[in-house]
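*Asks:* One structure coming up, written as structure tokens, with questions to follow.
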Amino acid sequence: MDSVLLTWKLRLQEVKFLSQVCTANKWWAGLGKAPQPCSFICPWVPVAGLEVALTDFQSAWNNVQHHTDEISSDRLLVRRGQAFNITLYFRNRGFQPGLDNIIFVAETGPLPDLSNGTRALFSLTGHHGPSSWIVSLETNRASSLEVILCAPPVAAVGRYLLKVHIDSFQGSVKAYQLGEFILLFNPWCPEDSVYLDSEPQRQEYVVNDYGFIYQGNKNWIRPCPWNYGQFEETIIDICLELLDKSLNFQIDPATDCALRGSPIYISRVVCAMINSNDDNGVLNGNWSENYLDGINPAEWTGSVAILKQWHATGCQPVRYGQCWVFAAIMCTVMRCLGIPTRVITNFDSGHDTDGNLIIDEYYDNTGRILENKKKDSVWNFHVWNECWMARKDLPPGYGGWQVLDATPQETSNGLYCCGPASVKAIKEGEVELNYDTAFAFSMVNADCMSWLVYGGKEQKIHWDTNTVGNFISTKSIQSDERDDITENYKYIEGSPQEREVFLKALQKLKAGRPEDPHQADSQHSTPEPRSGDGLWRLHTPSLRPSDIVQVSLKFQLLEPPHMGQDINFVLLALNMSLQFKDLKVNLSAQSLLHDGSPLPPFWQDIAFITLSPEEAKTHSYRIPYSQYSQYLSTDKLIRISALGEEKSSPEKILVTKIITLAYAGIVINVLGAAIVNQPLSIQVLFSNPLSEHVEDCVLTVEGSGLFKKQQRVLIGVLEPQHRASIILESVPFKSGQRQIQANLRSNKFKDIKGYRNVYVDLRL
């Protein structure tokens, strides 16, 4: 019964509007002046009602103007706040302005409604406001009418149905469905809240369909090529399907569609839908090293295959993803919808679970890092997105780049999503601002506390204010170089400004939560600020100040670490005092997952070092490949630790180093000129880097505009150190700058990668 009443209400609204338009736009009013002799059709002369025969959406031309021609030339895809042309062809006669009134109707969503903006009625003679749809006359011919339409820059994005109601002077009203079109955000429109005023940036952050995601560690940063493919066939439909599968739409579709004009709202919905923790989102996360029932996250090279698999399986989550895959998929969806987006990597990224801006790490007396009981961690690297948008919900100055993190770490308003958090607010420590700014702040600027766990007790051994948030990176604009944007997120590490912001954020967090009586006497309590000499500093009475440290330890690699080779390094011990020092140093090595989770140690040693005053000594060590190979994680991360203690002092000295093992990459050669619709040969050279044979080798190759789908080549077995090559055939179907991405996986390694940029000419 409710649905019937709602339908009647909608129809009554429409009838009321049509009545108002028809009354206001009678033929004499439509002339805009008093009738002149022979300038009008006499109302008593019978004239047939105007009938629409067909509609030309001029998709090919409109899509070029709206920067959507790479998506399709057959379907109309336009951006809000920008005009587009369509032509109506009539069956029986031409359009007569004084006789015919054409009312356009644009609808989106399952329950379009005038009151919430998902239904719009507008006519050639109607009055238009800043939030109104607009139609104007372009050309009136004998049997056709070309009009210009424009959606307001605040309109909800999505799939629209366009209709017309034609009211001729005789009083007959006919309705026609003209067809569907898709409306997107418009970073080219100054009135749109995602407007970006730099064309090179728009080309990079909206139009570019490939890029790099930075991985490794802060001492060894490598670019991982990625095919975003936001303009590939069916991707726009999958992106809209993703919105319709969200919990917001399932619970209240009318409100959800009405809110789709807000990039803030859309970004939170998409962020929650990329992971599958709350819904049938795109990706299942997996950090367990067990991927037998899915794909190892390291093997992916693009978003298209993932999104198409999600769609093809009835929106069942794809197995598996980790942070860089979540961020890459979100980049694809947001760029497809028209929101400028880039992928960001933060090296040594904090995950603070209790909101005190301190990441606690625990070690035993052998120097082995222990599993964190609080679940705090420092990720070797973590990847998220930045999206560009105005933030009218925040104080002035906090628009622009916003952090969005689709990796399911913590909940936000009950869902696993994070952001949008203003990058400017993060830098200034305004952690109370929406959304999830405090968590984003901790990822780049938390302090790190190291604890020794021994005999059932915990002892603070190191407080580091510099560990978290290093070399924050993204791809440069229209370049393959890496852009370091750390200064966007924080002041120079260790500077008075940086510490002031840290303490401001800490005070805001403490003020925003109730006092915990059980924490007052805890040695894990949040650090208290104090002032002295005009500067803020942390009160850390149980830690030895750095200016009186007498002995230091440091690791140094003797050569770059490569997969399949032994790891050679030295431990440098330096006595900076005028006294003899006797040290006992426990060393260990263990694999890490990229989220900081430790695996069991596979190597341990003890060194006894005697140092004369101001003496330095080195001790050399070697970890054979045969010893670490069976313990290595997919991330190829090894953490070596040394915990030293003086015989005459209770103080402990901790030093750690993270090693990422490198592979020789895949080499791709393009054999000849790349021309649209002409055959192109591509050579792919790869090798087994190990001194043992590997099995189940599979090579995958893809590239938007070059391959219709991902190429998968079964290689089988590769002998030790064996080099091989294959030739692939392609027929490029899009012109311009393109990129080929390749990955080789086996039973021993998962992510030997390579890429090659290709420029495709339109013609010979």
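*Asks:* Any residue in segment 431-440 that is open to solvent by less than 10 Å² (accessible area, probe 1.4 Å), without any contact (Cβ under 8 Å) to a residue 60 or more places away in the chain and farther than 24 Å from Gly216 by Cβ?
*Replies:* First, the residues of segment 431-440 that are open to solvent by less than 10 Å² (accessible area, probe 1.4 Å): 437, 440.
Now drop any that are not without any contact (Cβ under 8 Å) to a residue 60 or more places away in the chain, which leaves 437, 440.
Pick out the ones that are also farther than 24 Å from Gly216 by Cβ and you get 437.
Looking for residues that are open to solvent by less than 10 Å² (accessible area, probe 1.4 Å), without any contact (Cβ under 8 Å) to a residue 60 or more places away in the chain and farther than 24 Å from Gly216 by Cβ, one finds at least one in segment 431-440, hence yes.
*Asks:* Evaluate segment 285-299: report whether one residue or more is surrounded by fewer than 18 Cβ atoms within 10 Å (Cβ to Cβ), at positive phi and out of contact with any Gly (no Cβ under 9 Å at 6 or more places or on another chain).
*Replies:* Yes.
*Asks:* Can you name every residue in segment 455-472 that is over 21 Å from Ala642 (Cβ atoms), open to solvent by 70 Å² or more (accessible area, probe 1.4 Å) and not in a strand (DSSP E or B)?
*Replies:* Gly456
*Asks:* Looking at segment 410-426 only, could you name the residues that are crowded, with 22+ Cβ neighbours inside 10 Å and under 25 Å from Tyr320 (Cα atoms)?
*Replies:* Selection gives Tyr416, Cys417, Cys418, Gly419, Pro420.
*Asks:* Can you pull out every residue in segment 628-667 that is of a type in the set (S, T, N, Q) and either at pLDDT 95 or above or over 30 Å from Ser687 (Cα atoms) (or both)?
*Replies:* So in segment 628-667, the residues of a type in the set (S, T, N, Q) come out as 629-630, 633-634, 641, 648-649, 656, 660.
Hits for segment 628-667 are Ser641, Ser648, Ser649, Thr656.
*Asks:* Given the residues Lys373, Lys392, which is the only one that is of a type in the set (D, E, K, R), at pLDDT 95 or above and either surrounded by fewer than 20 Cβ atoms within 10 Å (Cβ to Cβ) or within 25 Å of Leu509 (Cα to Cα) (or both)? Break it down stepwise before answering.
*Replies:* On the way: Lys373 fails: at pLDDT 95 or above.
Of Lys373, Lys392, the one residue that is of a type in the set (D, E, K, R), at pLDDT 95 or above and either surrounded by fewer than 20 Cβ atoms within 10 Å (Cβ to Cβ) or within 25 Å of Leu509 (Cα to Cα) (or both) is Lys392.
*Asks:* If you don't mind, there's one more thing I want to ask. Inspect segment 687-698 for any residue being within 29 Å of Val207 (Cβ to Cβ) and either buried (at least 18 other Cβ atoms within 10 Å of the Cβ) or modelled with pLDDT of 95 or more (or both) and give the result as yes or no. So that I can check it myself, show each step before the final result.
*Replies:* Initially, segment 687-698 is screened for residues within 29 Å of Val207 (Cβ to Cβ), giving none.
For segment 687-698, residues within 29 Å of Val207 (Cβ to Cβ) and either buried (at least 18 other Cβ atoms within 10 Å of the Cβ) or modelled with pLDDT of 95 or more (or both): absent.
*Asks:* Give the residues of segment 698-757 that are in contact with a Leu (Cβ under 9 Å, 6 or more places away or on another chain) and on the phi > 0 side of the Ramachandran plot, sorted by residue number.
*Replies:* Gln721, Gly736
*Asks:* Same structure, new question: Name the one entry in Leu714, Leu706, Leu690 that is of a type outside the set (Asp, Glu), in a strand (DSSP E or B) and touching a residue at least 12 places away in the same chain (Cβ under 8 Å). Walk me through it before giving the result.
*Replies:* On the way: Leu706 fails: in a strand (DSSP E or B); Leu690 fails: in a strand (DSSP E or B).
Unique residue meeting the criteria: Leu714.
*Asks:* What pairs can you find where one residue is in segment 654-668 and open to solvent by 40 Å² or more (accessible area, probe 1.4 Å), the other is of a type in the set (Ser, Thr, Tyr), and their Cβ atoms are less than 7 Å apart, with a gap of 6+ or different chains?
*Replies:* Thr656/Ser641; Ala664/Ser687
*Asks:* Pairs only if they're at least six apart or on different chains, beta carbon under 8 angstrom, first in segment 499-511 and closer than 12 Å to Ile426 by Cα, second in a helix (DSSP H, G or I) and not acidic (Asp, Glu); list them, first residue then second.
*Replies:* Pairs found: Val501/Lys427; Val501/Asn445; Phe502/Asn445; Ala505/Ala438; Ala505/Phe441; Ala505/Asn445.
*Asks:* Do you know which residues across segment 263-283 are surrounded by fewer than 18 Cβ atoms within 10 Å (Cβ to Cβ) and at pLDDT 95 or above?
*Replies:* Tyr265
The values are calculated or read from the model by the stated rules, or taken from the named source; none is laboratory data. Predicted model, so just to flag it, every value in this text is computed and none were measured. Please note: Cβ atoms are built from the backbone with ideal geometry, for glycine as well, and neighbour counts cover all protein chains shown. Remember, those area values only see protein heavy atoms, side chains included, never the ligands or the DNA or RNA. Shrake-Rupley method; radii C 1.70, N 1.55, O 1.52, S 1.80 Å.
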